[in-house]
1. Compare Arg243, Arg267 by solvent-accessible area with a 1.4 Å probe and give them largest first, with all protein chains kept in place.
2. What angle, in degrees between 0 and 90 and rounded to the nearest 10, separates the Cα long axis of helix 342-355 from the longest principal axis of the Cα atoms of the chain?
3. Between (i) 46, 24, 16; (ii) 30, 24, 19; (iii) 33, 27, 18, which matches semi-axes √(5λ) of the Cα gyration tensor in Å calculated for the structure shown?
4. Given springs between every Cα pair under 10 Å in a Gaussian network model of the chain, which of Ala254, Ala343, Ala316 has the largest fluctuation?
5. Could you tell me the accessible area of Glu221 in Å² (1.4 Å probe, neighbours in place), rounded to the nearest ten?
6. Compute the length gained on full extension between Gln205 and Tyr156: take 0.36 nm times their separation in residues and subtract their Cα-Cα distance, giving the result in nm to one decimal.
7. Can you classify the stretch 112-244 as rounded, prolate or oblate using the Cα gyration tensor, where a ≥ b ≥ c are the square roots of its eigenvalues, rounded means a/c under 1.5, and otherwise it's prolate if a/b beats b/c and oblate if not?
8. Keeping all protein chains in the complex and leaving out DNA, RNA and ligands, what accessible area do you get for Lys75 with a 1.4 Å probe, in Å² to the nearest 10?
Amino acid sequence: MVAHRMTRSAALLALALSAHAAAAGERPPIGGPAPLLALRDLAGKPRALNEVKGRRGIVILFWAGWSDRSVEELKRLDAASADLAAHGVTIAAVNVDRFSLDEGDAAQLRDQIDRLHLRVAVLVDRGLELFHAYGVVTVPSTAVVDDRGRLSYFLYGYSHEQREALFDAINAAAGIVRPPSAPTARLAIAPAALRRLQLGRLQLQQGHADAARSSFELSAEADVTFADPLVELAALALDTSDRAAAHDLLDRAAAMDQQNAALRRERARLSALDASTARPVADPQTTLADLARSDDAAAAGYLGYLLWAAGDTTRAESAFERAKEISDVDPRSWIAGEQAGPAAAWSAMTKYRRQVAATGRW
């Protein structure tokens, strides 16, 4: 029954999208008045968007439960909702699954929202009136409305690259200024720097190394005291055996955070690659083993590959098991059928690190 409802709702909304594709030009102009119609909450009670709007604006997300991208954006905005609320910006998640909801539809939607543990206001667009008023042609779509009720930004879709543009637009519309962290205060990292770092790691995991490099560079620009994006750029340089660039980036990162675990890991990898480095790690294996005990999956994988290349299969197996335990990703997958040696180990290090990049289990 659930699957049937989802299929039916997807088909109905697809018809709506098709019927209104030609009406994309009817979207209110940027800078013009934004439609803030009365919708319904999950109990069926009227809720005017003007009442939901914060003192510095509102973000309106058009989403559908059957759309993975919709749910992905919904979760990201929900995670940012407390910070945005503190700056006077609210979020309205407008569900457009169906033209109208019967009791079964409403119960299913409530169940999904309960599973997502949402904090944002979830409203229902009966008859898709708001959907049509904004000329929506795809879900998710997102409108950013400023404090004066003007449409300041509109986003069709939600690609990884568009995520940062959306948050930048929200900040701009609400007049939110997020200065980089002070060099002496490492308690907080500029939010834009963190977002771009995580985006880069996700892009890396998905095989988009060039896009990841760009995201890491933007992260470093967003917070000039943040060592992590420099370490990521150094790791990318090491992936292509660019020792000079890796040396420079790691030295810059060390000047910010000498104890950074990822910094120590990549220096150990560099030392294993180049014994003549000006900043050698006396014993790369000891450093990597220490980091592996601290739940750094990439370090455990590196250690396993070094031991495997050296013919120490027993200790290599132990390190691989540790890496798998931390990340749920088996590093042996990248050496299956390979002849043990430095070249195969180096290639496997790159592939494994990129695979676990977005897991947070470094």
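1. Ranking Arg243, Arg267 by accessible area, largest first, yields Arg243, Arg267.
2. Helix 342-355 sits roughly 20 degrees off the main axis of the chain.
3. Structure-derived value, by its label: (i).
4. Of the options given, Ala343 has the highest mean-square fluctuation.
5. Counting only protein heavy atoms, Glu221 exposes about 130 Å² to solvent.
6. Length gained, Gln205 through Tyr156: 15.2 nm.
7. The shape class here is prolate.
8. 110 Å²
The values are calculated or read from the model by the stated rules, or taken from the named source; none is laboratory data. Note that the structure is a prediction, hence the values are computed from the model and not measured. For neighbour counting, all protein chains shown are included, and Cβ atoms are generated from backbone atoms with ideal geometry for every residue, glycine included. SASA here: full protein model, heavy atoms, side chains in, ligands and nucleic acids out. Shrake-Rupley method; radii C 1.70, N 1.55, O 1.52, S 1.80 Å.
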